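So the structure is just underneath, and the comments pick up after that.
The values are calculated or read from the model by the stated rules, or taken from the named source; none is laboratory data. Quick caveat, the model's predicted, so the values are computed rather than measured. Cβ atoms come from the backbone with ideal geometry, glycine included; neighbour counts cover every protein chain shown.
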Amino acid sequence: MKKVTLNKEVDVKKEVDVIVCGGGPAGIGAAIAAARQGMDVALIESRAFLGGNITACYVESCNYFLWQGPFAVTGLYKELEEEYRREFGNSDDIRTDFSPHRFSSEYLKIFLDRKIEEEGIWLRLHSRVVDVILDDDTIEGVIINSKSGFEGILGKVVVDCTGDADVAAAAGVPFEQGREGDGLTQPGTVNFRVAGVDSEKVKKILDEKGITYFYDIYNQKVAEGIIDMGYKRMNFPMGRLTAGGQVSYINFCNVYKIDPTDADDLTRAEMLARKRVLQFFNFIKEYLPGFEKAELASIAPTMGFRDSRRIKGVYRLTAEDIDEGRFFEDTIAIYPRFYDMLSPTGTWDDLVYIVDLDKEYGIPYRCLLPVNVEQILVAGRCISTDHMAESSIRAISACMATGQAAGTAAAIAVRDNTNVRDIDVRKVQQALKEAGVRLPD
Ligand SMILES: Cc1cc2nc3c(=O)[nH]c(=O)nc-3n(C[C@H](O)[C@H](O)[C@H](O)COP(=O)(O)OP(=O)(O)OC[C@H]3O[C@@H](n4cnc5c(N)ncnc54)[C@H](O)[C@@H]3O)c2cc1C
């Protein structure tokens, strides 16, 4: 391929203790945790708002699988959800057939803006981390790009919460992607929102017959050859139903066999997904009772991904660890045995969905620690795991938990003037417990 050289001197915009890259669930957890440990924190987000997949992809039903217990999330996720509920209640939802734990992506954007401000975190939106500043194998900062051009941000520790491990990859951390064998990731999904539904009618169906009533209509029409989406998916979870006639998301329009880190693939996939949104919207308007007067209110700002790069860390969490309910000396989060692996091929045959809330496992600190670069931690869905284990730790509250642990560890390393690799993990565990996180004794 033909090459050009990008050779620039860049102004240093900010020098802080901890740089958090990415303002999704993991990044919010990391930034708040580090700030509460007294650190100067910079939070860098490429989009115009915080929340990651929750707000950008309308993934509002964060903890639906934990709805009926017995597993209870602790730490920052619990705190933020409770605070959100005090202000926004049930997010205008009138559904009673399903988990009440849904956010409104719109209220959440506003809530998170304020939260980050209150915590004294320096936030930069519209700014993508495009490169890293390295001194040998130690990261010293990141280069961001925005309407203001290229800028440097320097920090003592960098926490990569970009979902795709963009920062770690730029620093030369090795990674895996997709499932072992063929490298296929789960599909990309473009959720969409509809308005103008007959809320009372839809609510009655959901209460009396359940959402499978709608799924059955779709699957019947597929069998009759009336609709063909080009892939096999038999369900389409719906988000909040409001008295004003909105269904806040429909999660159905997938694109398969794409690389979430390849911009050409992303371009093709977004365009194909939008065609599928229109096709599916027309279907539901014609065939689902209560949707006769529906309009396509919005298409999520971006395609959402459930997995992409997974860093090579000092420890690689496996499905076997989860199945065996293993805990580790350096456990920094507890999660239940839950797997949500959408079919990577679009056949529906390789789908895995297990909710086994009586069994718990530990996520070790070493999964956040890349093998070869110093002063960087990774949190969220791109930590070091095998593909199946990722389908568990990718859950939003788990991502916030690894973020909270990473932010806490970064702060302790700065305070103790040590490397995140050499830190005394017991201090991190103690600080997390003091912050309300349940950990093994
Ligand atoms: C359609 C769909 C449905 C899902 N349903 C559920 C569900 O019901 N429950 C559940 O728990 N999980 C669900 N998930 C999974 C969940 O959304 C993700 O695993 C989770 O959001 C990952 O959190 P994260 O913080 O690691 O990454 P993300 O949520 O992806 O956040 C990463 C953030 O980093 C920013 N960023 C990325 N690159 C850069 C860069 N280079 N520079 C600066 N900023 C950057 C992004 O803009 C984003 O804000 C779903 C996912 C999808 C796609």
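Please work out if Ser343 is small (Gly, Ala, Ser) and surrounded by fewer than 21 Cβ atoms within 10 Å (Cβ to Cβ).
In short, yes.
Would segment 198-209 turn up any residue that is crowded, with 16+ Cβ neighbours inside 10 Å and without any contact (Cβ under 8 Å) to a residue 60 or more places away in the chain?
Checked segment 198-209: no residue is crowded, with 16+ Cβ neighbours inside 10 Å and without any contact (Cβ under 8 Å) to a residue 60 or more places away in the chain.
Would it be correct to say that Leu50 is within 28 Å of Gln246 (Cα to Cα), of a type in the set (A, V, I, L, M) and at pLDDT 95 or above? Even if it seems obvious, please write down each step before you answer.
Numbers: within 28 Å of Gln246 (Cα to Cα): yes; of a type in the set (A, V, I, L, M): yes; at pLDDT 95 or above: yes.
So Leu50 fits the description; yes.
Taking the conditions exactly as written (within 13 Å of the ligand (Cβ to nearest atom) and either more than 20 Å from Ala319 (Cβ to Cβ) or outside any helix (DSSP H, G or I) (or both)), does Tyr361 satisfy them or not? Break it down into steps so the answer makes sense when it comes.
On the way: within 13 Å of the ligand (Cβ to nearest atom): no; either more than 20 Å from Ala319 (Cβ to Cβ) or outside any helix (DSSP H, G or I) (or both): yes.
Against the criterion (within 13 Å of the ligand (Cβ to nearest atom) and either more than 20 Å from Ala319 (Cβ to Cβ) or outside any helix (DSSP H, G or I) (or both)), Tyr361 does not qualify.
Looking at segment 178-196, I want the residues that are charged (D, E, K, R) and have a partner that is within 16 Å of the ligand (Cβ to nearest atom) and assigned to a strand (DSSP E or B) with Cβ atoms under 8 Å, at least 6 apart or on another chain. Which pairs are those?
Final answer for the pair search is Arg193/Val247; Arg193/Ser248; Arg193/Tyr249; Arg193/Ile250; Arg193/Ser298; Arg193/Ile299.
Among the residues that make up segment 72-81, is at least one of them touching a strand residue (DSSP E or B) at 6+ places or on another chain (Cβ under 7 Å) and either part of a loop (DSSP other than H, G, I, E, B) or near the ligand (Cβ under 6 Å from one of its atoms) (or both)? Quick ask: steps written out before the conclusion?
In the first step, residues of segment 72-81 are kept if they are touching a strand residue (DSSP E or B) at 6+ places or on another chain (Cβ under 7 Å); the result is none.
No: segment 72-81 contains no residue that is touching a strand residue (DSSP E or B) at 6+ places or on another chain (Cβ under 7 Å) and either part of a loop (DSSP other than H, G, I, E, B) or near the ligand (Cβ under 6 Å from one of its atoms) (or both).
With the condition kept exactly as written, say whether any residue in segment 333-353 is at negative phi, more than 15 Å from the ligand (Cβ to nearest atom), over 18 Å from the mean Cα position of the chain (by Cα) and outside any loop (DSSP other than H, G, I, E, B).
We begin by selecting, within segment 333-353, every residue at negative phi; these are 333-345, 347, 349-353.
After this cut, where a residue has to be more than 15 Å from the ligand (Cβ to nearest atom) as well, the list is 334, 345, 347, 349-350.
Within this subset, residues satisfying the condition of being over 18 Å from the mean Cα position of the chain (by Cα) are 345, 347, 349-350.
Pick out the ones that are also outside any loop (DSSP other than H, G, I, E, B) and you get none.
No - not one qualifying residue is present in segment 333-353.
Checking Ile143 against (1) within 15 Å of the ligand (Cβ to nearest atom); (2) within 21 Å of the chain's Cα centre (by Cα); (3) surrounded by fewer than 23 Cβ atoms within 10 Å (Cβ to Cβ); (4) not polar (S, T, N, Q), only one condition comes out false. Which one?
Status for Ile143: all satisfied but (2).
In segment 367-420, which residues are within 15 Å of Gly23 (Cα to Cα), touching a Leu at 6+ places or on another chain (Cβ under 7 Å) and within 9 Å of the ligand (Cβ to nearest atom)?
Once the filter is applied, which keeps residues that are within 15 Å of Gly23 (Cα to Cα), touching a Leu at 6+ places or on another chain (Cβ under 7 Å) and within 9 Å of the ligand (Cβ to nearest atom), segment 367-420 yields Ala379, Met400, Thr402.
Would it be correct to say that Gly22 is surrounded by 12 or more Cβ atoms within 10 Å (Cβ to Cβ) and at positive phi?
Numbers: surrounded by 12 or more Cβ atoms within 10 Å (Cβ to Cβ): yes; at positive phi: yes.
Yes.
Quick one: count up the residues across segment 260-304 that are within 15 Å of the ligand (Cβ to nearest atom) and either closer than 19 Å to Arg381 by Cβ or modelled with pLDDT under 95 (or both).
Of the residues in segment 260-304, 10 are within 15 Å of the ligand (Cβ to nearest atom) and either closer than 19 Å to Arg381 by Cβ or modelled with pLDDT under 95 (or both).
Glu15 fails exactly one of the following numbered conditions: (1) assigned to a loop (DSSP other than H, G, I, E, B); (2) touching a residue at least 24 places away in the same chain (Cβ under 8 Å); (3) away from the ligand (no atom under 16 Å from the Cβ); (4) surrounded by fewer than 21 Cβ atoms within 10 Å (Cβ to Cβ). What is the number of that condition?
For Glu15, the exception is condition (1).
Would you list the helices (runs of 4 or more DSSP H) that sit entirely within segment 98-210 and hold 1 or more residues that are in the same structural domain as Glu60 (by TED's automatic domain parsing) and closer than 22 Å to Cys399 by Cα? Walk me through it before giving the result.
Numbers: elements: 105-118, 166-170, 199-208.
Qualifying helices (runs of 4 or more DSSP H): 105-118, 166-170.
Just to be sure before I move on: is Ile322 within 16 Å of the ligand (Cβ to nearest atom) and either free of Cβ contacts under 8 Å to residues at least 60 places away in the same chain or touching a Cys at 6+ places or on another chain (Cβ under 8 Å) (or both) in the structure I sent? Reasoning before the result, please.
Values: within 16 Å of the ligand (Cβ to nearest atom): yes; either free of Cβ contacts under 8 Å to residues at least 60 places away in the same chain or touching a Cys at 6+ places or on another chain (Cβ under 8 Å) (or both): no.
Against the criterion (within 16 Å of the ligand (Cβ to nearest atom) and either free of Cβ contacts under 8 Å to residues at least 60 places away in the same chain or touching a Cys at 6+ places or on another chain (Cβ under 8 Å) (or both)), Ile322 does not qualify.
Any idea which of Cys382, Cys367 is assigned to a helix (DSSP H, G or I), surrounded by 19 or more Cβ atoms within 10 Å (Cβ to Cβ) and at pLDDT 95 or above? Spell out the reasoning first.
Details: Cys382 fails: assigned to a helix (DSSP H, G or I).
After ruling out the rest, the residue left standing is Cys367.
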